[in-house]
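Below you'll find the structure, written out as structure tokens, and then a few comments.
No lab work stands behind these numbers, since they all come straight from the coordinates. Not measured: the values here are computed from a predicted model. Note that we place each Cβ from the backbone using ideal geometry, even for glycine, and neighbour counts take in every protein chain shown.
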Amino acid sequence: MPKHIIKELKTHMPFTSFGALTGIIIMVIVILTKVPSHVSESIFYILHPLHIVLSAIVTTAMYKLHGGKALAGILIGYVGSIGIATISDTIFPYLGGMLVGAKMELHIGFIEKWWLVNPLAFLGIAIGWLRPTTRIPHFGHVLLSTWASLFSLMAFGAASWMRLLPFVFLTLFFAVWIPCCLSDVVFPLIFVKK
């Protein structure tokens, strides 16, 4: 399993870098057009739930495609999407912002918007179980995760982001690369026999 994890992480590096670069471009546009932080917060609360749906689809589909059972698939899809997407969209940006000296507030999307996020996680689980596919949802998952992490930084953090762009790139890269690869590939495969 460790060799498989390393292989998956290496395979996903270029696309994760591309996603982080799109995040930097979006951040520069937001800064130059002086978009207020409450708009970034609204965008975060759109992207985070969408990220959860795609994460649940991919995690559940990966588990089912490798012979998983339905009841366990629901639990794996839920934990893999809600738990790991929270780490990606909330915890990593919070810690990344703190490391560069930004004034950060911690907001946990699945708690604050539980009435939206939890049903969407179950929708993603149902889709992943009934139509198990991973390639297109994984592509979307990585981009949405990057952008959710980005808007988490801008909505809940205060800093001179323009001068911190290299650090923002690294934060976005690691916020997506580690959690999303783990939730989409490693986490569901831990529970299959083959």
Of the candidates Thr33, Thr11, Thr59, which one comes out as most mobile in a Gaussian network treatment of the chain with C-alpha springs shorter than 10 Å?
Thr33
Mind checking which of Leu99, Leu47, Leu165 has the largest fluctuation in a GNM of the chain, springs on alpha carbons under 10 Å?
Leu99
Among Thr11, Ile46, Thr146, whose Cα projects farthest towards the positive end of the dipole of segment 2-190, with charges put on the beta-carbon of Lys, Arg (+1) and Asp, Glu (-1)?
Thr11
What relative contact order, as a whole-number percentage, does segment 61-194 give when Cα pairs under 8 Å and 6 or more residues apart are counted?
46 percent
Given charges at beta-carbon only (K, R positive; D, E negative), |dipole| of segment 84-194 in Debye:
300 debye
For the chain, just the Cα atoms, rotate onto the principal axes and tell me the three extents in Å, largest first.
49, 37, 24
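Scanning the chain for helices, which whole DSSP H stretches are 18 Å or more long along the axis (Cα) and average 0.5 or more by Kyte-Doolittle?
Long hydrophobic helices here: 2-32, 37-65, 114-130, 135-156, 165-181.
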Search the structure for amide H atoms under 5 Å from the amide H of Leu106, placed 1.01 Å from N in the peptide plane, and list their residues when 5 or more places away or on another chain.
none
Which value at 222 nm does the chain reach when only helices count, each DSSP H run of 4 or more adding -39,500 (n - 2.57), with the total divided by all residues and rounded to the nearest 500 deg cm²/dmol?
-24000 deg cm²/dmol
Which FRET efficiency, nearest 0.05, do Leu165 and Glu112 yield, Cβ-Cβ r, R0 41 Å?
0.90
Among Gly97, Pro119, Ser183, whose Cα sits farthest toward the positive end of the charge dipole of segment 2-190 (+1 at Cβ of Lys/Arg, -1 at Cβ of Asp/Glu, about the Cα centre)?
Ser183
Total formal charge among the other residues, if their Cβ is under 12 angstrom from that of Phe156, Lys/Arg +1 and Asp/Glu -1
-3
